1. According to the Cα gyration tensor, what semi-axes, each the square root of 5 times an eigenvalue, does the equivalent ellipsoid of the stretch 134-258 have, listed from largest to smallest in whole Å?
2. If you average the alpha carbon positions of the stretch 157-206 and of the stretch 34-61, how far apart do those two centres end up, in angstrom?
3. Relative contact order of the chain, please, whole-number percent, based on alpha carbon pairs below 8 angstrom and at least 6 residues apart.
4. Rounded to the nearest 20 Debye, what is the dipole magnitude of the chain about its Cα centre when Lys and Arg each give +1 and Asp and Glu each give -1 at the C-beta?
5. Leaving out ligands, DNA and RNA but keeping every protein chain, what accessible area does Lys289 have, in Å² rounded to the nearest 10, with a 1.4 Å probe?
6. Please compute the contact order of the stretch 253-387 in relative form: average sequence separation of alpha-carbon pairs under 8 Å and at least six residues apart, divided by the residue count, as a percent.
7. Where the centroid of each part is defined by its Cα atoms, how far is the stretch 223-295 from the stretch 326-357 in Å?
8. Using +1 at the Cβ of each Lys and Arg and -1 at the Cβ of each Asp and Glu in the stretch 234-352, identify which of Val339, Phe277, Ala316 lies farthest towards the dipole's positive end.
Amino acid sequence: MYNMRASTAEAPVLDRMDSLKPNELIKDDPMNNISPAIVERVGRSLHTMPNHPLSIIKQKIETYFTERSKKQNGAEFMIFDDLSPKVKITANFDDLLIPPDHVSRSASDTYYIDDETMLRGHTSAHQASLLKNGHDSFLCTGDVYRRDEIDASHYPVFHQMEGVRVFPEKAPPEGSEKIQGNKEVEADLKDALEGMVDAVFGPVEKRWVDAYFPFTEPSFELEIYYNDKWLEVLGCGVMQQDILRRAGRGEQPGWAFGLGLERLAMVLFNIPDIRLFWSQDERFTGQFKDGEITEFKPFSKYPAATRDVSFWLDPAKSFHQNDLCEVVRGKAGDLVEKVELVDEFTHPKTNRTSNMFRIVYCSLDKTFTSDEVNVIHDGVREELVANFNVELRI
Ligand code: FA5
Ligand code: MG
């Protein structure tokens, strides 16, 4: 073997969406915490649906990066949007230098399939395997899964786009001092992303905020000013050299970013509720057209019903607000608009802890009677007792 780089990494197979069997996501494994409500979302691929706001934005960003490369005579960005959301736990965390005790690994934040696989929590899970397959510049979009709270801007499934650019020509000469955080790479990253925001939003106020990610250094978040608020739309930074070394790139520098498509779409189309992206109601889906950014026209909202539930926790069982959200979503599906902890206290004598949650039930496409809501809410209460051994108070 003459001139072969010692680090030539073997190229892992890129599993595609069509290799995934949704009915294998729930299984009898102590790690498994995936609910049927989540499985229903797998494979919907909203980001590739024609005339859907998420695919409209995705295409705009892809076009921007393609044109920027042409102008710079740079490498073309390869586009991936059908990689399977089932990934190795190591790809989602370890390959990105996320430490073993990081909070994002906990079972209250992540959907695990078994002790080796999970539903990706971010599109960064594909960085290492795409690099090892020889891609230097790519955009990779997909559905990502996080156990999370419930409100108008949080949903356990959302969509991210990952962008990576490696600069083979900027590798420092052999033997020179190696410094993490190449300034030229950082400048190109910021220029690319500011240009992307201008191309997608037109001129808006934006600002860079210092951030921390284990896989980039330095790291930043980009915020845009919209409706009197600063909104975080993406995280990014100069890639940790170790990630590139392990992928066979030696000292070549690179940048990476990850952005949330729903965040951008809510702002651009003025869509007030993240659940709407999943609507199959013609009054939603019929409003949008490929290539066009149009103001969302709200259709009548059905009345909301609020129900409280309060209970004593079992000190022998772990209970997290995200567990309740999961139970509610399992029983109510998209009928649930919000879950909020309204009271929590510990009894001074017995040392028991009580929680009271307020659940707002509201459908986007149908009226529900009070009786129907009660049946669902009773189901939630029963499941709380069955799964978490709580003692109901209200
Ligand atoms: C990440 O997921 C990093 N992987 C991003 C990254 C990639 C950084 C490459 C550096 C290099 P974060 O968890 O902040 O970071 O999410 C990135 C973006 O996803 C956010 O800026 C936001 O736009 C979107 N996002 C995050 N959580 C949610 C959520 N619950 N609902 C909707 N969008 C979300
Ligand atoms: Mg963030």
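The values are calculated or read from the model by the stated rules, or taken from the named source; none is laboratory data. The structure presented is a predicted model; accordingly, all values stated were derived computationally and were not measured. Methodologically, a virtual Cβ is constructed for each residue, glycine included, from the backbone with ideal geometry; neighbour enumeration extends over all protein chains shown. Surface accessibility is based on the protein's heavy atoms, side chains included, excluding ligands, DNA and RNA. Shrake-Rupley method; radii C 1.70, N 1.55, O 1.52, S 1.80 Å.
1. 29, 18, 13
2. Measuring centre to centre over Cα atoms gives 26 Å.
3. Reported relative contact order: 16 percent.
4. Here the chain has a charge dipole of around 200 debye.
5. 120
6. Rounded, it is 25 percent for the stretch 253-387.
7. Rounded to whole Å, the Cα centres lie 31 Å apart.
8. Ala316
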